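The values are calculated or read from the model by the stated rules, or taken from the named source; none is laboratory data. As the structure is a prediction and not an experimental result, all values here were calculated from the model. Here the Cβ positions follow ideal geometry from the backbone for every residue, glycine too, while neighbour counts run over all protein chains shown.
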């Protein structure tokens, strides 16, 4: 089984595909063989540009190809659940772009489909696989900054076009789903727990989705998190982890350089920590290959993904209602 090469198909011609194509080609266990679009000519020209052997003029044609093992679902947020379930029902494993879904009911339906099909489904939060993130987690776990107190994070950028699908309410756009999901996921990962209560504020666009979101999360044991996300501010990514004896500052937490680095501040000492080099999206590709070929559990479980969706839904509810929301205990 370890010598088997997994054949991949891209479900859409989304911009994010260009980040996944290079690691698929670097990996000895994975091979990119097909791409699908709803327009045959678009699929064909995309395949020619990226030197992909096969192209399909519909998503259904790709899923019907019996030689495809894994589907990368890079469709807009509102289509993740529908087409992931269809891919699973067609007998494919699925790496689904974040956010995996926009309701817990959707996640549950996806998980049920994966279980019934006997296939793996995992969410494409690529930063969670990078050595930089894993090193930060280990330092916090080992007590290098003392007792964890606070996690603070940001992810913002200026959206280029008003017709961008990320501003579409019909496709479940909004900054918290697009980029706010990163600092939320990071805070949960570092805390090693789920928030007990959240509070959110938002500035909405004409379509009704959030252009700017600011939120707070209260975790067990006196741990708190704050974050902001948005489409109307300069590009900013940042994570600060504060403990009782020091702090960690990560300037590229969500898209690290191949060789990650961050600052560890304890007392009067500031140390730059560097980590081993790894292509950013390679980790998520190898992770699902490990699952399929070796039976190893994916690093990002469906229960983990469900908890992130639960947190975001609660934050959006808080912003709409103008009051804190207590999350159900898992």
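Would you mind listing the strands (runs of 3 or more DSSP E) fully within region 1-70 where at least 3 residues are over 28 Å from residue 255 (Cβ atoms)? Output list reads 54-56. Out of all the residues in region 165-218, which are free of Cβ contacts under 8 Å to residues at least 60 places away in the same chain, under 17 Å from residue 328 (Cα atoms) and in contact with a strand residue (DSSP E or B) (Cβ under 7 Å, 6 or more places away or on another chain)? If the condition is that a residue be free of Cβ contacts under 8 Å to residues at least 60 places away in the same chain, under 17 Å from residue 328 (Cα atoms) and in contact with a strand residue (DSSP E or B) (Cβ under 7 Å, 6 or more places away or on another chain), then 193, 216, 218 are the ones that fit. Just one of the numbered conditions (1) in contact with a helix residue (DSSP H, G or I) (Cβ under 6 Å, 6 or more places away or on another chain); (2) in the same structural domain as residue 10 (by TED's automatic domain parsing); (3) farther than 21 Å from residue 39 by Cα is not true of residue 133: (2). Scanning region 114-132 for residues that are outside any helix (DSSP H, G or I) and touching a residue at least 12 places away in the same chain (Cβ under 8 Å) turns up 119, 120, 121, 122, 123, 124, 125, 130. For region 105-117, does any single residue satisfy the condition of being buried (at least 16 other Cβ atoms within 10 Å of the Cβ), in contact with a strand residue (DSSP E or B) (Cβ under 8 Å, 6 or more places away or on another chain) and under 26 Å from residue 279 (Cα atoms)? Checking region 105-117: not a single residue is buried (at least 16 other Cβ atoms within 10 Å of the Cβ), in contact with a strand residue (DSSP E or B) (Cβ under 8 Å, 6 or more places away or on another chain) and under 26 Å from residue 279 (Cα atoms).
Looking only at residues in region 43-58 that are touching a helix residue (DSSP H, G or I) at 6+ places or on another chain (Cβ under 6 Å) and buried (at least 21 other Cβ atoms within 10 Å of the Cβ), the one that is farthest from residue 83 (Cα to Cα) is 55. For the condition over 21 Å from residue 291 (Cβ atoms), crowded, with 16+ Cβ neighbours inside 10 Å, in contact with a helix residue (DSSP H, G or I) (Cβ under 6 Å, 6 or more places away or on another chain) and in the same structural domain as residue 20 (by TED's automatic domain parsing), residue 36 qualifies. Can you confirm whether residue 298 is in contact with a helix residue (DSSP H, G or I) (Cβ under 7 Å, 6 or more places away or on another chain) and either outside the structural domain of residue 110 (by TED's automatic domain parsing) or farther than 14 Å from residue 93 by Cβ (or both)? Yes: the conditions hold for residue 298. Residues in region 282-330 that are under 18 Å from the mean Cα position of the chain (by Cα), surrounded by fewer than 22 Cβ atoms within 10 Å (Cβ to Cβ) and part of a loop (DSSP other than H, G, I, E, B): 4 in all.
Condition check ((1) surrounded by fewer than 16 Cβ atoms within 10 Å (Cβ to Cβ); (2) within 13 Å of residue 264 (Cα to Cα); (3) out of contact with any strand residue (DSSP E or B) (no Cβ under 9 Å at 6 or more places or on another chain)) across all residues:
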position: 120; (1), (2), (3): no, no, no
position: 135; (1), (2), (3): no, yes, no
position: 138; (1), (2), (3): yes, yes, yes
position: 141; (1), (2), (3): yes, no, yes
position: 146; (1), (2), (3): yes, yes, no
position: 153; (1), (2), (3): no, no, no
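Is at least one residue of region 57-65 in contact with a strand residue (DSSP E or B) (Cβ under 6 Å, 6 or more places away or on another chain) and modelled with pLDDT of 95 or more? Taking every residue of region 57-65 in turn, at least one turns out to be in contact with a strand residue (DSSP E or B) (Cβ under 6 Å, 6 or more places away or on another chain) and modelled with pLDDT of 95 or more.
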